[in-house]
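Asker: What follows is a single structure, and I will ask about it in a moment.
The values are calculated or read from the model by the stated rules, or taken from the named source; none is laboratory data. The shown structure was predicted, so the numbers you read here are calculated from the model rather than taken from an experiment. When we count neighbours, we look across all protein chains shown, and the Cβ atoms used for this are built from the backbone with ideal geometry, even at glycine. Just the protein is used for accessible areas: all its heavy atoms, side chains included, with ligands, DNA and RNA removed. Shrake-Rupley method; radii C 1.70, N 1.55, O 1.52, S 1.80 Å.
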Amino acid sequence: MKPLSRAALAALLTGVSATALTAQIVEPTAPPAPPAFPAQGEPNFVTRDAIATYRSLPEYHQPAFMDAFVEAGDLPPVEERLPDEPMVYEVSNMTDGIGVYGDVMRHVIGGRPEGWNYWAGQTQGWGGIDIAMSECLTRTGPLFQIEPDDLEPLPNLARGWEWSEDGMSLTVHLIEGAKWSDGDPFDAEDVMFYWDHTIMDPNVTPLNAASPETFGEGTTLSRVDDYTVRFDFTTERPERVLYSMAYGDFCPGPSHILAPMHPANNPDMSYDDYRNAFPPDYMNFPVMGAWSPVEYRPDDVIVLRRNPYYWKVDSDGNQLPYLNELQYRLSTWADRDVQAVAGTGDFSNLEQAENFVESLRRAAEDDAPARLEFGPRIIGYTLYPNLSGNGWGNPDTRGQAVRELNRNLDFRQGVTQVIDRQRLGDSLVKGPFTAQYPGGLYAGTSYYDEGSTVFYPYSLESARAHFEAAGLEDTDGNGFYNWPEGSPAGTGDVQITLLTNTDYQTDRNLAEGVIAMMEEAGLKLSLNALTANDRDAAVSAGRYDWRVERNASDLITVVQNTAQLAPTGPRTSASHYANDAGELDLLPFEEEMVEAVEGFIATNDPEARSELMKTYQQLYTDNLYGIGLTQYPGALVINKRFRNVAPGVPIYAYNWAEDSVIRERLFVPEEDQIGAELYEGALPGEPGGEGPVTAGD
Ligand code: GLA
């Protein structure tokens with residue numbers, strides 16, 4: 001107990017010593033300029049229809065091994081398996097031209113599959129397994145190479161769309177005659193099941209958390225005919241809905257498999273039963289993607305074989321994909337880098353900065369098996385305080401006391417000024433890679449505005465002044481702040497838990513760096529390090545005080561997952577969900593952020609949009625909605641035997657590189673094929689059956 005300093009604090013708070021207080025505060029500045037980083041690949045820009053069109057071709061071809069399936073009567077001939085007008089990849093847009101069949105892409109991942117029910121929130125282990133299996137109405141990954149004037153999502157399962165004259169509805173034309181990998185037709189029924197029983201069912205949250213807000217307040221979707229659906233909106237021409245029709249938000253599942261297990265149709269099933277109805281050992285899950293899972297061995301491997309009904313071809317009529325198999329080794333993300341660089345794996349998004357120097361060294365050698373190309377600085381990490389004050393996640397008294405601090409601007413200002421971003425970046429990798437990241441939109445992206453970005457420089461003295469203004473004091477003199485007077489958490493030291501993800505070394509290193517810096521400033525933290533799947537569950541349940549997280553693409557492109565930029569709905573922003581009663585206790589600046597985001601969503605006027613994003617960025621960085629840590633580039637590492645890898649594929653932009661690189665049209669020349677297919681000659685069998693089948697099985 002130090003009554004004197006309490007009195008001093010009271011004096012400060014009543015403003016008596018206000019000048020003494022402000023004297024210590026270091027005011028925000030413009031963000032420091034990121035170091036120059038020239039080693040970036042440049043895409044060849046094209047228009048959207050240069051990549052693919054929909055049309056029928058005079059003849060179609062399949063891999064030779066599939067002829068036996070047709071002869072045995074196991075499969076219809078290839079032309080009957082394809083739509084009348086399949087999607088056709090134009091050879092003129094393929095870096096190395098028409099490919100040949102065969103070979104495998106050996107992926108290595110750190111994630112683990114929960115099951116195949118993506119639509120009820122299960123992860124498949126990431127690393128692009130879900131991207132390989134699912135196809136969405138539109139596609140965004142390849143947009144990194146689209147001319148700015150033609151920038152709009154690519155058609156995919158939706159082969160076209162048109163707006164009504166008044167802009168209040170959008171008619172979407174689905175590809176006609178395409179089939180799931182088990183031969184069941186794909187049609188409006190699949191799309192409507194996704195809408196009615198995933199998006200609109202509050203008990204079901206798909207993996208990427210698409211919700212009604214994603215498509216705009218009051219939006220409805222209805223079936224027009226087997227191959228046509230129509231969106232009706234409450235605002236005029238919400239063009240960003242085309243982005244919400246892409247990966248993450250609108251990749252319908254097989255309704256013929258899912259609907260019978262959904263509680264809406266099956267009174268014996270609970271929502272939990274539904275979520276768990278397709279565990280990872282459920283084989284041959286029907287897909288619209290190019291490969292379907294045929295084998296799963298826990299902590300070892302997932303093998304996917306080509307989808308015999310895949311609805312895309314090259315302009316010579318060869319049914320895609322060229323690659324017969326994908327393998328996913330279940331290891332660690334760091335191992336993905338090591339193996340890709342060494343040539344025992346084929347693909348990595350080099351995104352953990354700790355591995356940059358070693359990987360670059362190996363890739364520069366003449367006999368390097370993989371090429372490595374850096375892109376822009378779009379990997380960013382943020383420290384997010386949980387901003388709910390009204391019970392989301394049911395915090396105990398300690399947790400609730402942390403929430404009260406989190407909601408105090410002086411406290412957040414203190415926290416941000418504790419962080420020495422230069423030192424934090426250098427602790428991952430030295431050199432021109434990392435930049436100090438104030439938070440919010442990334443420098444170098446289209447909606448970023450430096451003048452609207454508030455940067456709080458590192459200053460322990462200023463941080464302490466802010467903490468004291470937030471009511472904190474080290475009353476017992478042990479070097480750590482105590483809970484403010486009268487706190488229901490008691491009189492002991494403030495204790496904050498920092499949630500992080502053990503699947504990534506970078507997440508852990510940054511979390512440990514933050515903890516060490518907070519200790520220097522007198523704040524006691526403890527680490528809650530969970531595997532990605534457990535961490536994700538803790539976040540969506542609100543069971544955390546602070547979390548360190550690699551940001552998602554909404555902060556890069558803004559036009560994707562726009563509703564998630566702020567708490568625009570009860571469950572849109574992982575920093576602030578509603579409580580069990582559905583109530584959101586937004587802080588005034590959050591309300592303003594929501595207004596900016598909703599304004600952005602409601603207008604197509606480029607000038608208004610850019611102004612609204614400036615407002616958003618200003619509110620975000622000034623009020624520290626999230627506390628930026630570091631921002632750096634990533635590199636795509638891909639084995640040199642693969643052809644048709646377009647130049648300048650970023651590891652992350654509109655989507656992850658596993659989408660952007662267009663795996664279905666990658667190929668390996670015969671002489672370079674490595675003979676590593678585990679199920680040569682086999683195809684996916686019956687949904688839920690044993691595994692792959694050979695002809696005549
Ligand atoms: C994980 C990896 C990323 C990318 C995505 C794809 O998040 O860390 O590099 O592979 O999966 O879903």
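Asker: State, to one decimal in nm, how far the label point of Thr344 lies from the label point of Lys640, with both points 7 Å from Cα in the Cβ direction.
Answerer: 2.0 nm
Asker: Could you size up the charge dipole of the chain around its Cα centre, putting +1 on the beta carbon of Lys and Arg and -1 on that of Asp and Glu, and report it in debye to the nearest 20?
Answerer: With Lys and Arg at +1 and Asp and Glu at -1, about 2120 debye.
Asker: Another question, if that's okay. Please list, in chain and number order, the residues 5+ apart from Ala52 or on another chain whose amide H is under 5 Å from its amide H, with Hs placed from the backbone.
Answerer: Glu90
Asker: Now for a different question. So what J values fall out for the stretch 607-621 if you push phi through Karplus, 6.51 cos²θ - 1.76 cosθ + 1.60 with θ = phi - 60°, rounded to Hz, Gly and Pro as x?
Answerer: Working through the residues one at a time gives 5, 4, 5, 5, 5, 5, 6, 5, 4, 4, 5, 4, 4, 4, 7 Hz.
Asker: Full-extension gain between Asp367 and Ser164, please, as 0.36 nm times their residue separation minus the C-alpha to C-alpha distance.
Answerer: The span from Asp367 to Ser164 would gain 67.4 nm if fully extended.
Asker: Further, regarding this structure: Rolling a 1.4 angstrom probe over the protein heavy atoms, how many square angstrom per residue are accessible across the stretch 239-381?
Answerer: 30 Å²
Asker: If I stretch the segment between Asp697 and Thr234 completely, what's the gain in nm (0.36 nm per residue apart, minus their alpha carbon distance), one decimal?
Answerer: Working it through step by step, the gained length comes to 161.4 nm.
Asker: Charges on Cβ only, +1 for Lys and Arg, -1 for Asp and Glu, centred on the Cα centroid of the stretch 555-664; of Gly634, Gln618, Ala608, which one is farthest towards the dipole's positive end?
Answerer: The residue sitting farthest along the positive end of the dipole is Gly634.
Asker: Between Phe45 and Ser526, take the C-beta separation as r, use R0 = 51 Å, and let me know the FRET efficiency to the nearest 0.05.
Answerer: Once the sixth-power term is evaluated, E becomes 0.55.
Asker: Per 20 Å bin from zero, what fraction in whole % of the C-alpha pairs of the chain is there, up to the bin with the longest pair?
Answerer: Values per bin, smallest distances first: 17, 51, 27, 5, 0.
Asker: Once amide H atoms are built 1.01 Å from N in the peptide plane, which residues 5 or more positions from Asn528, or in another chain, come under 5 Å H to H?
Answerer: Result for Asn528 returns Leu498, Leu499, Thr500.
Asker: Now a separate question. Can you give the FRET efficiency to the nearest 0.05 for Asp272 and Ala676, using r as the Cβ-Cβ distance and R₀ = 25 Å?
Answerer: 0.05
Asker: What does the charge dipole of the stretch 331-488 about its Cα centre add up to, to the nearest 20 debye, if the Cβ of each Lys and Arg holds +1 and the Cβ of each Asp and Glu holds -1?
Answerer: Result for the stretch 331-488 is approximately 240 debye, rounded to the nearest 20.
Asker: Go through 95-105, 405-415 and give me the packing order, highest mean Cβ count within 10 Å leading.
Answerer: Ranking, from highest mean packing down: 405-415, 95-105.
Asker: While we're here: How far is helix 3-13 tilted, in degrees, relative to the longest principal axis of the Cα atoms in the chain, given as a value from 0 to 90 rounded to the nearest 10?
Answerer: Compared with the principal axis, the helix lies near 70 degrees.
Asker: How large is ³J(HN,Hα), in whole Hz, for each residue of the stretch 261-270 in order, when computed from phi with the Karplus curve 6.51 cos²θ - 1.76 cosθ + 1.60 and θ = phi - 60°, using x for Gly and Pro?
Answerer: 9, 7, x, 5, 10, 10, x, 7, 9, 8
Asker: Here is a further query. Carbon-plus-sulfur fraction of the accessible area of the chain, 1.4 Å probe, in percent?
Answerer: 49 percent
Asker: Another question, then. How much accessible area does Trp195 have with a 1.4 Å probe, in Å² rounded to the nearest 10?
Answerer: 10 Å²
Asker: Amide H of Leu174: which non-local residues (sequence gap of 5 or more, or other chain) have their own amide H closer than 5 Å, using H built in the peptide plane?
Answerer: Sorted by chain and number, the residues that satisfy this are Arg159, Thr228, Val229.
Asker: Determine which aspartates and glutamates satisfy two conditions relative to Lys614: a Cα distance under 18 Å, and not lying fewer than 8 residues away in the same chain.
Answerer: Within reach: Asp449, Glu450, Asp554, Glu590, Glu591, Glu592, Glu595, Glu598, Asp605, Asp622.
Asker: Pull up the DSSP beta bridges for the chain and report the antiparallel fraction as a percent, rounded to 5.
Answerer: Of all bridge pairs located within the chain, approximately 75 percent are antiparallel.
Asker: Relative contact order of the stretch 325-477, please, whole-number percent, based on alpha carbon pairs below 8 angstrom and at least 6 residues apart.
Answerer: After rounding, I find 20 percent.
Asker: Which order, highest average first, do 516-528, 461-473, 160-172 follow once you tally other Cβ atoms within 10 Å for each residue and take the mean per peptide?
Answerer: Order by mean packing, descending: 461-473, 516-528, 160-172.
Asker: So, with +1 on the Cβ of K and R and -1 on the Cβ of D and E, and no other charges, what is the size of the charge dipole of the stretch 62-140 about its Cα centre, to the nearest 20 debye?
Answerer: My answer is approximately 520 debye.
Asker: By per-residue mean of other Cβ atoms within 10 Å, what is the highest-first order of 263-276, 416-429, 302-315?
Answerer: 302-315, 416-429, 263-276
Asker: Here is a further query. Just want to confirm a number: the relative contact order over the chain, from Cα pairs under 8 angstrom separated by 6+ residues, in percent.
Answerer: 22 percent
Asker: Please compute the modelled spin-label separation between Asp396 and Asp299, points set 7 Å along Cα→Cβ, answer in nm with one decimal.
Answerer: According to this spin-label approximation, the distance is 3.1 nm.
Asker: May I pose another question? Give me the one-decimal nm value for the distance between modelled label points at Glu686 and Glu147, 7 Å along each residue's Cα-to-Cβ direction.
Answerer: Computed distance between label sites Glu686 and Glu147 equals 5.2 nm.
Asker: ³J(HN,Hα) across the stretch 46-58 via Karplus (A = 6.51, B = -1.76, C = 1.60, θ = phi - 60°), whole Hz, x for Gly/Pro?
Answerer: Calculated HN-Hα couplings, in order: 9, 8, 5, 6, 6, 7, 8, 9, 10, 6, 8, 10, x Hz.
Asker: What FRET efficiency comes out for the pair Thr497/Asn604, r = Cβ-Cβ distance, R0 = 35 Å, nearest 0.05?
Answerer: According to the calculation, E is roughly 0.25.
Asker: Multiplying the sequence separation of Ala538 and His61 by 0.36 nm and subtracting their Cα-Cα distance, what value in nm do you get?
Answerer: 166.9 nm
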